[in-house]
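Step one of this worksheet: look at the structure below.
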Amino acid sequence: MEGKSITALVSRIGTTRLHALFAQAPQRAAPWVHALAADGVLQAQVCYGRMLLEGHGVDRDATAALTWFRRAAACGDADAVNMMGRCLDNGWGTPEDAARATEHFQRAALAGHAWAQYNLGHMYFDGRGVARDRAKAFACYTQAAAQGHERAMNLLGRCCEEGWGTPRDLQASSDWYRRSAEGGYFRGQYNWGTLLLKARRFNEAARWLERAAAGGGARSGGAASNGAAAVRRAVLALITRAGVPGELQELALRLQET
């Protein structure tokens, strides 16, 4: 075994066994991810950084997470560069620095990283670390959406609905909400279901609003679950206020029972 790197050893494991190895309990997978990260595998460095950031299988340590992201980012990994931006934007393991966060999002976005394009859009939209420019925000969301980013699609829908960074276009807004919904994003499903409800397409609205209400249910903790709970309450309020028939009334009863 002497002289053999962990990466060389893992490369000899079959694909099925390798997937099974990393699908096990996080606490058991963490040492393997750490070993690969220490051996220089960039994806493992980012993965281990995320585990540290979230306390997933290891003790939560944002400072150590940032160290792993920085190490992978130094080798040009766009995912790591984006995560560096996230840490700087949120003050995870480092003081908040919106300007430096924006610089990292720009680097990763230029490399074609969809999440970085989405995050950069937020910086332009809110004017954090960069001058507010909603036209540039719209362009960033469009780039991310072109790569199938369903959250960016939902924001494009809102931008087109409100005329933020682009001329107001309700048809385009509807199309983006639909695409976001079909992509599985619960906020997009809520917005698309709301449009269907306004169009009195009640049965279709019920199906999409039920998906929205269940959205994020498989996730646990944090803003994702809070957002899903807020959408569930919004769906119930929307249905109750609308006084609608059929499947929507049944959905309202189910939501009241959960």
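The values are calculated or read from the model by the stated rules, or taken from the named source; none is laboratory data. A quick note: this is a predicted structure, and the numbers were derived from the prediction, not measured. As a convention, Cβ positions derive from the backbone with ideal geometry for all residues, glycine included, and neighbour counts pool all protein chains shown.
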Subset of the range 127-168 (residues that are hydrophobic (A, V, I, L, M, F, W, C) and either within 20 Å of Ala98 (Cα to Cα) or out of contact with any helix residue (DSSP H, G or I) (no Cβ under 7 Å at 6 or more places or on another chain) (or both)): Val130, Ala131, Ala135, Ala137, Phe138, Ala139, Cys140, Ala146
Checklist (1) surrounded by 18 or more Cβ atoms within 10 Å (Cβ to Cβ); (2) farther than 29 Å from Ala229 by Cβ; (3) under 22 Å from the mean Cα position of the chain (by Cα) applied to Tyr177, failing item: (2)
Residue within the range 62-69 that is within 25 Å of Leu120 (Cβ to Cβ), surrounded by 22 or more Cβ atoms within 10 Å (Cβ to Cβ) and among the small types (Gly, Ala, Ser) present: yes
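Within the range 152-174, how many residues are surrounded by fewer than 24 Cβ atoms within 10 Å (Cβ to Cβ) and more than 9 Å from Tyr141 (Cβ to Cβ)? Explain how you work it out, then say what you get.
Quick first cut of the range 152-174, residues surrounded by fewer than 24 Cβ atoms within 10 Å (Cβ to Cβ) only: 158, 160-174.
Filter again for more than 9 Å from Tyr141 (Cβ to Cβ), leaving 158, 160-164, 166-174.
So the count comes out to 15.
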Verdict on Ala224 being modelled with pLDDT under 70 and out of contact with any helix residue (DSSP H, G or I) (no Cβ under 6 Å at 6 or more places or on another chain): yes
The listed residue being at pLDDT 90 or above, surrounded by 14 or more Cβ atoms within 10 Å (Cβ to Cβ), under 16 Å from Val81 (Cα atoms) and small (Gly, Ala, Ser), out of Gly49, Gly57: Gly49
Index of the failed condition, Arg100 passing every other in (1) in contact with a Leu (Cβ under 7 Å, 6 or more places away or on another chain); (2) crowded, with 18+ Cβ neighbours inside 10 Å: (2)
Any pair with Cβ under 6 angstrom, 6 or more apart, that starts in the range 96-120 at a residue that is within 14 Å of Ala73 (Cα to Cα) and ends at one that is not in a helix (DSSP H, G or I): Ala101/Gly129
